[in-house]
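One structure is given below, encoded as structure tokens.
Read-outs throughout are calculated quantities, based only on the coordinates presented, and are distinct from any laboratory measurement. Just so it is clear, the structure is predicted and the values come from calculations on it, not from any experiment. Here the Cβ positions follow ideal geometry from the backbone for every residue, glycine too, while neighbour counts run over all protein chains shown.
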Amino acid sequence: MSNSLREARFIPKKVYRKGMTRGFLYSGPSMKSAFQTGELLYVRPDVQDVKPGDVVVFERDGRNIVHRVLSVEKNGYYTRGDDNPFIDPGLVFPDQVIGRVEMGEHLGELNPVRSGRRALLLAELGRSTRGVGRWFRIVFGWPYRLLKSSGIVIKVWKPDISRIQLMSVNGPLIKYIYRGKTVAVWDASCHYFECRRPFDLVIPSPNNE
């Protein structure tokens, strides 16, 4: 998994003032139960009090990796992605750590990132039950996919959704707003589209246009 660095001016002022002065755009499958692809992660750099359960960004083999700390050892940390079956090979040394992820932004909403031993326990429980959830989605998810592909809903449900175009450092960003809430985002610079259910039944992906 590789996560790209975002410029400081892209970080909301209220987040920057709290000490989260670096930002990363999340991608990859290893932490998908915690973060969405394309989610902005805000990082506090140069942390000295890393604890088990904290989510950190570290550099390895030229990549920026976002994983959770499992244990703190004398010389470094053992880490793993919440959705990975195996612990990361070898210790992550303190000089490899870019910072701790403390806030995420998805579809315009800011949310604190869970950390500490409680977060670590929840991650472990999630891993043990994820197999059951995956089976459930395979069996019962097909009616929704069938409804989405049919195009019937868009003919009978026409919610008042407005489009707002913004300019980010990477190019145009379009938000779809329904009753004051962001329900979808289109980032043309990386062809990334994210849409909440059930609005994905009526908002076509720009990638398919």
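Once the other residues with Cβ under 14 Å from the Cβ of SER115 are scored (Lys, Arg +1; Asp, Glu -1), what is the net sum?
Details: positive: ARG44, LYS51, ARG68, ARG100, ARG114, ARG117, ARG118; negative: ASP49, ASP54, ASP82, GLU102.
Charge balance in the 14 Å sphere: +3.
Determine one quarter of the surface area of the Cα convex hull of region 151-208, which equals its mean projected area, and express it in nm² to one decimal. Before the final figure, lay out the partial values.
Numbers: hull surface 16.2 nm².
So the mean shadow area of the Cα hull is 4.1 nm².
To the nearest 10 degrees, how steep is helix 116-140 against the longest Cα principal axis of the chain, on a 0 to 90 scale?
Once rounded, one gets 40 degrees.
Given the options ARG63, ARG100, ARG44, which has the most mean-square fluctuation in a GNM of the chain, springs set between C-alpha atoms less than 10 angstrom apart?
Result: ARG63 has the largest fluctuation of those listed.
Highest first, please rank the peptides 173-186, 150-163 by the mean number of other Cβ atoms sitting within 10 Å of their residues.
In descending order of packing, they fall as 173-186, 150-163.
I want the local charge near VAL69. Using Cβ-Cβ distances under 12 Å, sum +1 for each Lys or Arg and -1 for each Asp or Glu among the other residues. Don't skip to the end; give the middle numbers.
Numbers: positive: LYS51, ARG68, ARG80, ARG100, ARG117; negative: ASP49, ASP54, GLU73, ASP82, ASP88.
My count for the surroundings of VAL69 gives 0.
Shape of the chain from its Cα gyration tensor (a ≥ b ≥ c, root eigenvalues): rounded if a/c is under 1.5, otherwise prolate when a/b > b/c, or oblate?
Working: a/c = 2.42, a/b = 1.47, b/c = 1.64.
Oblate, because a/c is 1.5 or more while a/b does not exceed b/c.
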